[in-house]
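Input: a single structure, listed below in structure tokens.
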Amino acid sequence: MMQALKGWRYWPDKTLHRNIWALAWPMMLSNITVPLLGLVDTAVIGHLPSPHYLGAVAVGGMIFSILYWAFGFLRMGTTGLVAQASGRDDGTTVRTLLAQSLILATLIGSALILLRTPLIELALTLMDPAADVLAEAREYSAIRAFGAPAALCNYALLGWFVGNQNTRVPLLLLTFGNLLNMLLDLLFVYGFGMHAAGVALGSAIAEWSCLLLGLWFCRRMLRTIPGQWQIEPLRRLKAYAAMINVNRYLFVRTVTLLLTFAFFTAQGAKQGTDILSANAVLLNFLILISNALDGFAHATEALSGRTLGKQDQVRFYRTVVSAGIWSLASALLLTLIFAFGGNLIVALLTGIESVREEAARYLPWLVALPLIGIWSFLLDGIFIGTTQVRAMQNTMLFSVFCVFAPIWWLTQPLGNHGLWIAFLSFFAARGISGGYVYWRISRENGWMKG
């Protein structure tokens, strides 16, 4: 971020700090509800008598992380394009982008339902869990698939709201959906004795409920945005060109990221159910880190995209500096929380002593992760808002195939410690390579070129 620090004219004022926080805090709270849901899922299943239930939710949850997050461009691509259209005060394009993203989400989600059996079987074959885990994971996945259209439409809606600099509605939506999911988990698992299937059913019902509420909020917000609905851009494939062009790079980037997570889970599974379950517990810490820091990344997406639409380079750099300051402060806070309270959090998540012991053994790697991962989250926000998504793809491919994979291969004798070393190296590589791209674009004054 050297370009941003060249002169005091790029130092953010109090108004910009307030704007960052006004956008960030609702997203931080709403994002934190996502890992909190994962924590509740883990706690509900983790206190059942056998660890294979926890392993099944870990495997099934990872499958749907891949299936859903692979299409995360429905949120990220929508945010950047809508933010730029909003900066141009183009309400008609804002409406068109909303409709296009919802149409794409519905089509993709319906395809996932139709193809659920071969996709689930392929994923389970690749992950190769133990036999007792396999049966529960298969049942979990078969039920969870029916929430696919709603889950992907929710991605599109969240991206649209953030692009319009409205982060309070996403807070309400995610809080509502996740609280409902938690209550349904408790009802189905403890009330009806459904185990992993109960967690899946709760998730699917909550996803559809959240979509209905989101569409209602969307209708209300559209009344405040000038512009007109246009049917023609929804009928012609060429009219989707801008969205498809952005999303193809985001698709490759996201699939690569999630396959890395899936590989991480699969390698843990090969080392036994206890390590698989311990890594599942610790991954909830990682999700907490990413979602908390993503609050500032989301704010950066909306503000940087808007400055691009307005062609305001000075405010763009001020936005980057402000988001960087607050991201670093948050990362330091998370590091302290994990350092002093990590074992207590693990104890709350599972009562299985063997899993607790394994999780405590690898907890120090999580303590270091916030300060290592902060830069990749912040840079992703910049690249999404300015639709520099090809850079996101390329830095991800570099980090996975030139850093993560070789380091994992070399550290295999270290077992699960080697796996965590490769994982942290992967985040470090994303930050370093993304920082280089940021410096290069800044040197060439390329941000306002789109």
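The values are calculated or read from the model by the stated rules, or taken from the named source; none is laboratory data. Note that this is a predicted model, so its numbers are computed, not measured. So basically every Cβ, Gly included, is an ideal-geometry build from the backbone, and we count neighbours across all protein chains shown.
At-a-glance table
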| item | result |
| --- | --- |
| Of residues in the range 322-368 being surrounded by fewer than 20 Cβ atoms within 10 Å (Cβ to Cβ) and of a type in the set (Val, Ile, Thr), the one farthest from residue 20 (Cα to Cα) | 345 |
| Pairs with Cβ under 8 Å, 6+ apart, first in the range 246-267 and more than 30 Å from residue 413 (Cβ to Cβ), second modelled with pLDDT of 85 or more and of a type in the set (Lys, Arg) | 249/390 |
| Pairs where the first residue, in the range 219-234, is in a loop (DSSP other than H, G, I, E, B) and surrounded by 10 or more Cβ atoms within 10 Å (Cβ to Cβ) and the second is at pLDDT 90 or above and among the basic types (Lys, Arg), C-beta under 7 Å, 6+ apart | 227/95; 229/95 |
| The lone exception for residue 344 - which of (1) in a helix (DSSP H, G or I); (2) in contact with a helix residue (DSSP H, G or I) (Cβ under 9 Å, 6 or more places away or on another chain) it fails | (2) |
| Pick from the range 92-123, criterion surrounded by 18 or more Cβ atoms within 10 Å (Cβ to Cβ) and hydroxyl-bearing (Ser, Thr, Tyr), ranking: nearest to the chain's Cα centre (by Cα) | 101 |
| Selection count, the range 155-205, where residues are among the aliphatic types (A, V, I, L, M) and farther than 26 Å from residue 104 by Cβ | 12 |
| Which listed residue, of 408, 375, is under 30 Å from residue 312 (Cα atoms), touching a Gly at 6+ places or on another chain (Cβ under 7 Å) and of a type in the set (Phe, Trp, Tyr) | 375 |
| Residue, modelled with the lowest pLDDT, within the range 46-100, restricted to residues that are assigned to a helix (DSSP H, G or I) and among the charged types (D, E, K, R) | 75 |
| Which numbered condition residue 406 misses (of (1) surrounded by fewer than 22 Cβ atoms within 10 Å (Cβ to Cβ); (2) at pLDDT below 95) | (2) |
| Top-ranked residue of the range 124-182 - restricted to ones that are part of a helix (DSSP H, G or I), modelled with pLDDT under 85 and of a type in the set (Gly, Ala, Ser), ranked as surrounded by the fewest Cβ atoms within 10 Å (Cβ to Cβ) | 131 |
| Those helices (runs of 4 or more DSSP H) lying entirely in the range 365-450 with at least 2 residues more than 20 Å from the chain's Cα centre (by Cα) and farther than 26 Å from residue 333 by Cα | 405-410, 416-443 |
| Boolean, residue 188 is within 18 Å of residue 152 (Cβ to Cβ) and either touching a residue at least 60 places away in the same chain (Cβ under 8 Å) or surrounded by 19 or more Cβ atoms within 10 Å (Cβ to Cβ) (or both) | no |
| Check on residue 234, on the phi < 0 side of the Ramachandran plot, over 24 Å from the mean Cα position of the chain (by Cα) and of a type in the set (A, V, I, L, M) | yes |
| Flag if residue 271 is touching a residue at least 24 places away in the same chain (Cβ under 8 Å), under 24 Å from residue 364 (Cα atoms) and not in a helix (DSSP H, G or I) | yes |
| Count of residues meeting criterion [closer than 18 Å to residue 430 by Cβ and not β-branched (Val, Ile, Thr)] in the range 331-386 | 18 |
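Here is a yes/no grid of residues against (1) more than 18 Å from the chain's Cα centre (by Cα); (2) buried (at least 23 other Cβ atoms within 10 Å of the Cβ); (3) at pLDDT 80 or above; (4) more than 15 Å from residue 55 (Cα to Cα):
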| site | (1), (2), (3), (4) |
| --- | --- |
| 256 | no, no, yes, yes |
| 266 | yes, no, yes, no |
| 270 | yes, no, yes, no |
| 293 | no, yes, no, yes |
| 314 | yes, no, yes, yes |
| 318 | yes, yes, yes, yes |
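Residue-by-condition table, conditions (1) more than 23 Å from residue 54 (Cα to Cα); (2) modelled with pLDDT under 80:
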position: 328; (1), (2): yes, no
position: 331; (1), (2): yes, no
position: 335; (1), (2): yes, no
position: 339; (1), (2): yes, no
position: 350; (1), (2): no, yes
position: 358; (1), (2): no, no
position: 366; (1), (2): no, no
position: 370; (1), (2): yes, no
